[in-house]
1. Checking the a/c ratio against 1.5 first, then a/b against b/c, what shape does the Cα gyration tensor give for the stretch 61-147?
2. What whole-number volume per residue, in cubic angstrom, does the convex hull of the C-alpha atoms of the stretch 16-58 give?
3. Would you calculate the volume per residue, in Å³, of the smallest convex hull containing every Cα atom of the stretch 99-203?
4. So for the chain, what are the equivalent ellipsoid semi-axes in whole Å, largest first, each being the square root of 5 times an eigenvalue of the Cα gyration tensor?
5. What's the long-distance tail for the stretch 55-94, i.e. % of Cα pairs beyond 14 Å?
6. What does the helix-only formula give at 222 nm for the chain: each DSSP H stretch with n ≥ 4 adding -39500 (n - 2.57), the total divided by the residues, and the result rounded to the nearest 500 deg cm²/dmol?
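Since every read-out is calculated from the coordinates, none of them should be taken as a lab result. Source: prediction; values computed, not measured.
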Amino acid sequence: MANYLYQNDLPDDVDLGSIVAIDCETMGLNPHRDRLCLIQMSGGDGDCHLVQVAPGQTEAPNVCKILSDPNVLKLFHYGRFDIAAMANAFGTVARPVYCTKIVSKLVRTYTDRHGLRNLLQETLGIDISKFQQQSNWGAETLTEAQLAYAASDVLHLHKLRDVLSERLEREGRADMAQACFEFLPMRAQLDLAGWPDQDIFSH
């Protein structure tokens, strides 16, 4: 298992396969105000490829190629935020997508704890640290601890998806989840367009 850090974009020769786990680190939780700083990607092989995004950067062709590839499933935990952050930075909306947080809410109705750490502890017996979650992701040089934390957010998503997909089938909610995944990129775009806190389906 290794972490590979790049500046501005993925190298041309990186092939992450047909299912890519993705997560982002930003300066805050407002995609209009808080810039995108880091993108983490994993093909499920135990390696993490991290792209440090420069201030004011508006293009990352190889990252965007993956985001827009219809034959590559983008795997997120709380994809709503990550999709919006990358769309705001680069103008490319990720699709198709799978979100483990959505699935958790559909199949783990016995709890209100749907954070990645809780989910990994229960389903896979894996404990990840969230100590670096609120560190300075805009720093010019990221620490090894920051990189290790960032990588932990994507390295287990493939196995987590397998477990959660089995539960979706068991509970008869796979079609419901798929419909949510198909709408998720638009939900992220609604956030960016000015409807982050409104339910457009309400009366």
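1. Numbers: a/c = 2.23, a/b = 1.16, b/c = 1.92.
It comes out oblate by the Cα gyration axes.
2. Normalising the Cα hull of the stretch 16-58 by residue number yields 86 Å³.
3. 147
4. Those come to 25, 20, 17 Å.
5. Across the stretch 55-94, Cα pairs with separations above 14 Å total 44 percent.
6. Working: 7 runs with 81 residues, N = 203.
Value at 222 nm, helices only: -12500 deg cm²/dmol.
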